[in-house]
Every structure is written in structure tokens, then in C-alpha cells.
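All remarks here apply to the structure that follows.
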Amino acid sequence: MNNMERIKKILIEQGSIGRENGKAISEYKELTINDGVTRPAGTDRDKNTRDYFVDLCKKNGFDPFVDIFGNIFITLNGSNSDLGKIMMGSHLDSVVQGGMFDGAMGVFSAFEVLLRLKESGYRNQRDIVAAAFTGEEGSAFHQPMLGSNGFTGNISKANLWALKNRDGVDFKSAMQRIEYLGDSEFPGKPEYYLEYHIEQGPVLEEKGKEIGVVTSITGQCVLSVEVNGIQGHSGTTPMEMRSDALVRAAGIIAMVDKIAREASKKYNNHSVGTVGELSVEPGRFNVIPGHVAMKIDLRSEHSDSLAYMKKKVLEELETKRNGVNIKYSIVAEVESSIMSDKVMDAIRASVKSLGFSSMEMPSGAGHDTIPMSKIAEAGMIFVPSIKGLSHTPLEWTDFKDVENGLEVLLGAVKNLDKN
């Protein structure tokens, strides 16, 4: 079995974990909307995926280390322990009804890089580490990037362990139940960090490029909003006497879209605004809505444009209209992350040596690279997503593209090892 066939086999096998039907899908044409992967952190499906990864590592001579945040690490020891570590990583958990590539491709490709280095007899100077971080998606514990935030010290052990999932189970108990809570921290922090990921958007496919060199990861501001009007009969309440919560909410939604478009144009960058979560009460066709709850997701690659969008949205939320009251809170804020020139140069050199077409681009999605970039020189490699789809059962990346990106990752690691 050649290297490409091996990583393909691994991804197909792990992709069946978390599917209700247990299907192992090897081709895009086999994929249906019913083939979603669901494995939130701390669940049995998360455990099964972790077990698969750990067994794979052990069978190939690696000794997995599980830390106090449930993160899993394997290391290819270098000849000079005084030099800083190189770490590659991503995550194994998924959103509900997601795809088989998001996160997992990066973890298993990092493993594959270590295995290829080992098999080829490459003599690395630096320790090279592959990491599987816990709970990147936030689909279980409401907050994203749990393991990487714990690893980097952005959240304390006490606070992380106390977080509760949607069933009211705390993080510590959930990790203990699936037997993935270590009793110590991983020794040392990396000097360099790389994350290999599917793009999750349509740009590379649209531009006909094989590799994306990520320049920055967008910052994010998430607001939770409650719109309170007056519930009433839809037939007997005159229009001029209504306090319709949904009408006001609709205005806010349109405003978010308008402000994001303005920010993109004003700052000439990747700025987006989304309202993707909406709850209307009482939710009956013949009743004027009295209450609407929603979340606003603002993202931008630059702090100035994110601040602009946040300011404009808050101004709108503070404005009183039609007797409707609004309550809001900021539930999450993440600063934008600029990728390291050293790591980007290592990736660019690898792309050039391999002869792949590429482009530089921001990441509109959040990744474990965000907290990791606070403690290490960090960078990301993207490969195309078919039709730009991700966080859906229809997520797919051609295995040839997977191999291309893996080769770029391998080359970038070697380049950094020589620094």
C-alpha cells in the first residue's frame, strides 16, 4: 500500500465512526445528506474515534500521551532536545451531522507525516509532535477550542473542568467517563505550530488552486439577543398598534447583513455577519410573535473592521423601535490571529518545491491555531472543499487534494526543522 492509499484508508475508516448507518464512504458520489458524522466531545463516538487514533499510533510504534485536558500527543524525538518543538494538530470531534474531513484530516495527516519521516529514516533535529485537541467545535460544551485553550493556558484547568455540556455533565466527568483525562500536562510548548485543514469554503475550488496558504484567522464577536414585544391576535390587532418582536428581529437581521457588507467594502477585507440561530415564540401563524431569541455572529480578519461591525450592531440594538425591548449580551469574543511569516515562508517553499498552484487567503472559520498562535509561530495549510461545503454531511475533499496538502505539510515541517 502506497502512502496515498494509506491515508485514504485511514480517513475512510475513521469517517464511519459517528455515522448512524456506520457507512464507510470512499467516493464523493456515494455521499448523501443522510451520511452525517456526529461526535461531540466526551461522547461514546468521540471515545471511539480517539480509540481508533490511539490504536493506530501504538501499532506504528508511537507512545500516545493524554494530558489533563484530554488532548492526545505523539512525538518523533529529535537529536537536539534544546531546539524548540514543531507541533502539527487539529481535532477529532465534530459538529452535529457534520462531515468526515473537518479536523480529522489534520490529525491523521499529522500522524502520517510522523510515520513517513520515521519510515524514510529522516533524522530530525527537533522533536516533532502530532496533536489531537479536545472539543474544538463547541458542539458539546458550548465553547470552542477547549483542549487547545487549556493547553495554551487561555483557560484554567479548574474553569475548563467545570464547564458543563448540554446534558449538564461537567468536562472532567465526561473525559473521565470515556477514559481520556490524563493526570499531567504535556511537557513543553512548541516553537512552531502547523494545522492542515480543509478550506470549508469555495474559494480554492473557484480559483482553481490546489493549496491555500493561510495569512490570518478571522476574529469573532458573538452576541445573544432577546427581542421582547407584545403577543397578540393576528386578526384583531391593528398594524399601527402592534409590538411585533419578529418584525423588529427581521430588521436586525437585515441590518447585520448590511453592516457586514459595508465593513467588507470599507476595509477591503474578509468581514462577514450572520444570524443563523433564531427562536420565535409562540411560533403560531395566527399569533403576533411576542419573543424572539437569536445569535449574531460577526467575523473579520482585521480587528478594526470587527470593531466597526460590533459598534454599528450595538448602536442598532440600543435603538428603540415600535415599543419593542431588546436585551443582549456578548457571549464570545476572539481576536483575529495573524500567521507567522516564518511558518508561511516554510509552507510557501514547500509548495514551490512540489510545483503546486497556490494562493494566500484568510480563514473565515476558527481553528485550534487561534490559541496556539499566542504561544508559538503558527501557520495553516488549506486544500479545496468540493462546492465549498463543510459542517454538513455533504462535506468532501478529493483524496488527491488530501495527499497534495499532506506533502506540503511534510515539506514545511522539514523546512522548519532545518531552522
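The values are calculated or read from the model by the stated rules, or taken from the named source; none is laboratory data. These numbers come from a predicted model, not from an experiment. We place every Cβ from the backbone using ideal geometry, glycine too, and count neighbours over all the protein chains shown. Ligands, DNA and RNA are excluded from the accessible area calculation, which covers all protein heavy atoms including side chains. Shrake-Rupley method; radii C 1.70, N 1.55, O 1.52, S 1.80 Å.
Key figures
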item	result
Residue match in the stretch 17-31 (condition: free of Cβ contacts under 8 Å to residues at least 60 places away in the same chain and within 30 Å of R123 (Cβ to Cβ))	no
Qualifying residues in the stretch 221-232 (those that are within 22 Å of the chain's Cα centre (by Cα) and open to solvent by less than 10 Å² (accessible area, probe 1.4 Å)) - the one farthest from E281 (Cα to Cα)	C221
Failed criterion for M4 (all others in (1) within 19 Å of G135 (Cβ to Cβ); (2) part of a helix (DSSP H, G or I) hold)	(1)
Top-ranked residue of the stretch 14-48 - restricted to ones that are out of contact with any helix residue (DSSP H, G or I) (no Cβ under 7 Å at 6 or more places or on another chain) and part of a helix (DSSP H, G or I), ranked as surrounded by the fewest Cβ atoms within 10 Å (Cβ to Cβ)	K29
Whichever residue in the stretch 100-132 is of a type in the set (D, E) and either outside any loop (DSSP other than H, G, I, E, B) or at pLDDT below 95 (or both) and, among such residues, is surrounded by the fewest Cβ atoms within 10 Å (Cβ to Cβ)	E119
Cβ-Cβ under 6 Å pairs, at least 6 apart or on other chains, the stretch 1-12 side within 24 Å of R50 (Cβ to Cβ), far side part of a loop (DSSP other than H, G, I, E, B) and aliphatic (A, V, I, L, M)	I12/A24
Residue that is nearest to S350 (Cα to Cα), among those in the stretch 379-406 that are surrounded by fewer than 24 Cβ atoms within 10 Å (Cβ to Cβ) and of a type in the set (S, T, Y)	S390
Criterion: under 22 Å from the mean Cα position of the chain (by Cα) and more than 21 Å from A378 (Cα to Cα) - qualifying residue of H142, H197	H142
When residues of the stretch 160-176 are limited to those that are assigned to a loop (DSSP other than H, G, I, E, B) and within 21 Å of the chain's Cα centre (by Cα), the one nearest to N149 (Cα to Cα)	L163
Scope the stretch 45-84; condition in contact with a strand residue (DSSP E or B) (Cβ under 7 Å, 6 or more places away or on another chain) and among the β-branched types (V, I, T); matching residues	V54, V66, I72, I74, T75
Residue list for the stretch 85-98, filter: open to solvent by 20 Å² or more (accessible area, probe 1.4 Å), part of a loop (DSSP other than H, G, I, E, B) and at negative phi	V95, V96
Selection count, the stretch 205-220, where residues are at negative phi, surrounded by fewer than 24 Cβ atoms within 10 Å (Cβ to Cβ) and not in a strand (DSSP E or B)	5
Hey, Y180 in a strand (DSSP E or B), of a type in the set (F, W, Y) and surrounded by 17 or more Cβ atoms within 10 Å (Cβ to Cβ) or not	no
Some residue of the stretch 110-133 being acidic (D, E), touching a Gly at 6+ places or on another chain (Cβ under 7 Å) and under 22 Å from D398 (Cα atoms)	no
Cross-chain or 6+ apart pairs with Cβ under 7 Å, the stretch 172-194 first and closer than 30 Å to L416 by Cα, then open to solvent by 10 Å² or more (accessible area, probe 1.4 Å) and part of a strand (DSSP E or B)	G182/V66; F186/F65; G188/K85; P190/K85; E191/K85; E191/E377; Y192/E377
Selected residue (criterion: surrounded by the fewest Cβ atoms within 10 Å (Cβ to Cβ)) from residues of the stretch 191-204 that are on the phi < 0 side of the Ramachandran plot and outside any strand (DSSP E or B)	P202
Which listed residue, of G135, G188, is under 21 Å from I375 (Cα atoms), open to solvent by less than 10 Å² (accessible area, probe 1.4 Å), part of a loop (DSSP other than H, G, I, E, B) and not polar (S, T, N, Q)	G135
Flag for A260 being modelled with pLDDT of 95 or more, aliphatic (A, V, I, L, M) and either surrounded by fewer than 18 Cβ atoms within 10 Å (Cβ to Cβ) or more than 25 Å from E360 (Cα to Cα) (or both)	no
Odd one out for D67, checked against (1) closer than 17 Å to A132 by Cα; (2) surrounded by fewer than 18 Cβ atoms within 10 Å (Cβ to Cβ); (3) in contact (Cβ under 8 Å) with a residue 60 or more places away in the chain	(2)
V247 vs. criteria part of a helix (DSSP H, G or I), aliphatic (A, V, I, L, M), more than 30 Å from G379 (Cα to Cα) and open to solvent by 50 Å² or more (accessible area, probe 1.4 Å)	yes
Conditions (1) open to solvent by less than 30 Å² (accessible area, probe 1.4 Å); (2) part of a loop (DSSP other than H, G, I, E, B); (3) under 30 Å from V247 (Cα atoms): number failed by G273	(2)
Residue that is closer than 20 Å to N269 by Cα and more than 13 Å from the chain's Cα centre (by Cα), where the choices are G379, G405, G364	G379
